[in-house]
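The values are calculated or read from the model by the stated rules, or taken from the named source; none is laboratory data. Nothing here was measured: the structure is a model prediction, and the numbers come from that model. Note: areas computed on protein heavy atoms with side chains; ligands, DNA, RNA excluded. Shrake-Rupley method; radii C 1.70, N 1.55, O 1.52, S 1.80 Å.
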Amino acid sequence: MAPMSRSRPRSDPRTSRMSGSRAFPGTATRTSHRDPGGRNHPGGLNTPGRNTTPNSPGGPDRSDGRLIPSYAACLWAAAGLAALVALLLVLVVLRWAPLMALDTAVADGLHRTAVAGPGWTRTARVLSDWFWDPWTMRAVLALMFLFLLRRREHTVAAWVAVSGVMSAALQQTVKAVVGRERPVWPDPVATAHYAAFPSGHAMTAAVAGATAVWLLRLYGAPRPWRRGVAAVAAVSVAGVGFTRVYLGVHWLTDVVAGWLLGMALVALVAGLHARRPHPHRPHPRAGARGNRRTDEEP
């Protein structure tokens, strides 16, 4: 008897077709698959152990390999940060005595240290004037913008450009309105121009760092990438704030206001982006109807 030929099972196009998403390189790809109960999950990750529950109406969107923060969460964060900036601005304008005493004590202590340690002061000036300078941070934003254009992510690139332009315009507007003077020393170790509140260095660094973290999260970058970039951003944001006070060109409250204002701006941009309809985001009811149809298939 002739041996029976083994026929190769035909692959199901629904389970073998890979998604054409533009997720971050190295992330898991989304496919259709079946769980042990035989139900289809068209939006699941092919990563073992991942939750394949469809997107909830109020939560972040995980469609197309992306993690889009919820609109409400971003706007609440932006509103809370903006409220803190407004409170700080009012206290500075009113020259609230406890806050002014804190500013003076911190500035005096760091200035004495800067005068006594010229080597550390030179290092702080190099970091502040070159690595963490606002134009360096704007160059980082420009690189993000060009990278997104190359990926044809024109909408997100536009949001990055908007955040950079609004950061420069907002800080100069608030400086002109508040008109706070910088610290004055008989033996200065550095000089700076324009008004003090808020710190432009601190705000621009916060915008660049928060934007980088947001983009990596948005495009589903691997966790080591996100943690590494977040660590670099945190060190840069904290470092530039410290050097501005250490060099005697800003008060502590100037730096804190710059941090808060920069993060509020990025939270607002992320929220406005999440508000837009995304082609890869399924409507919750449509997803439920699709699941019912696949469940009824034999």
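Tabulated results
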read-out: Residue order for Arg151, Arg275 - accessible surface, 1.4 angstrom probe, largest first; value: Arg275, Arg151
read-out: Cα-based Kirkwood hydrodynamic radius, the stretch 141-200, one decimal, Å; value: 13.8 Å
read-out: With DNA, RNA and ligands ignored, accessible area of Phe147 (1.4 Å probe; Å², nearest 10); value: 110 Å²
